[in-house]
Amino acid sequence: MGTVVETPVKEADATVTVKKPTVVFVLGKHFVLALSSVFVVILSGGPGSGKGTQCANIVEHFGYTHLSAGDLLRAEIKSGSENGTMIQNMIKEGKIVPSEVTIKLLQKAMEESGNDKFLIDGFPRNEENRAAFEAVTKIEPEFVLFFDCSEEEMERRILNRNQGREDDNVETIRKRFKVFLESSLPVVQYYEAKGKVRKIDAAKPVAEVFDAVKAVFTPKDEKVKHYSCTIL
């Protein structure tokens, strides 16, 4: 029978510090710690860069769980919970939802997924989000998958959508580009300085872009390790 425990785990005079989730299986007088590492990839790219399409391909081919911050917030609002009502009121008032609220929704989704590989989309949107995510979850992403595409190409794609957003017009599109450059790009630059950015030429056709994505994920996927430790 498995029991979820907190870290660190102590046995006699030894202390074993492990990453969550940690499950202890009791077998007679033996304790077996089955440890699994959480593998997080952050998706980044301007509006119209095609990351949504490629995200679906990654999920299908590599078994990741896609976590969209926007979808999680909308689902929480739709649930009618007290937390959802608070989020809805903040959005109506034009306020920014606190980082901690979104982070808790991401954590809950990760815990309930049954998976240990995640694509996080739409978060962090700025440096404050990034710092809060790492401080609260104690997780640093394995890497950032950055879909690099010119504003001209992204604008063309958005305007040519058959079913675009209500605000898909040149003025609002360019405002979204500006927000991305001023708020989200610094997050990419932070991780780039740490050697954690994998840049994809997203201006190419969809199939070619996914070929480049596969080249990034195939070796990384094979490096996901599962550890076990037995304490007698």
Q: Over segment 88-187, calculate the relative contact order: mean separation of alpha carbon pairs under 8 Å at least 6 apart, over the residue count, as a percent.
A: 31 percent
Q) So for segment 138-212, what percent of the C-alpha to C-alpha distances run longer than 18 Å? A) 52 percent
(Q) Report the Cα centroid-to-centroid distance between segment 132-162 and segment 42-66 in angstrom, as an integer. (A) 9 Å
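Over the Cα atoms of segment 62-142, what is the Rg over Rh ratio if Rh follows Kirkwood?
On the way: Rg = 12.8 Å, Rh = 13.2 Å.
Here Rg/Rh amounts to 0.96.
When a/c reaches 1.5 or more, the comparison of a/b and b/c decides; with that in mind, is segment 74-121 rounded, prolate or oblate per its Cα gyration tensor?
On the way: a/c = 2.88, a/b = 1.90, b/c = 1.52.
Prolate.
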Q) Got a sec to turn the phi values of segment 175-181 into Karplus ³J(HN,Hα) couplings, 6.51 cos²θ - 1.76 cosθ + 1.60 with θ = phi - 60°, whole Hz, x for Gly and Pro? A) 5, 5, 4, 4, 4, 4, 5
Q) Residue-wise, which Karplus ³J(HN,Hα) couplings in Hz belong to segment 59-71, taking 6.51 cos²θ - 1.76 cosθ + 1.60, θ = phi - 60°, and x for glycine or proline? A) 4, 5, 8, 10, x, 7, 9, 8, 10, 9, 4, x, 5
Q: Using packing as a proxy for protection, rank 117-126, 88-97 so that the peptide with the highest average count of other Cβ atoms within 10 Å comes first.
A: 117-126, 88-97
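How big is the convex hull of the Cα atoms of segment 35-101, per residue, in Å³?
Details: hull volume 9.7 nm³, N = 67.
So the per-residue hull volume is 144 Å³.
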Q: Holding the Cα-Cα limit at 20 Å, pick out from LYS51/LYS117; LYS51/LYS95; LYS104/LYS199; LYS78/LYS104 the pairs that are longer than that.
A: LYS51/LYS95; LYS104/LYS199
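The numbers here are math on the coordinates, done by the rules we state, and not lab data. The shown structure was predicted, so the numbers you read here are calculated from the model rather than taken from an experiment. Positions of Cβ are generated from backbone atoms using ideal geometry, with glycine treated the same way; all protein chains shown enter the neighbour counts.
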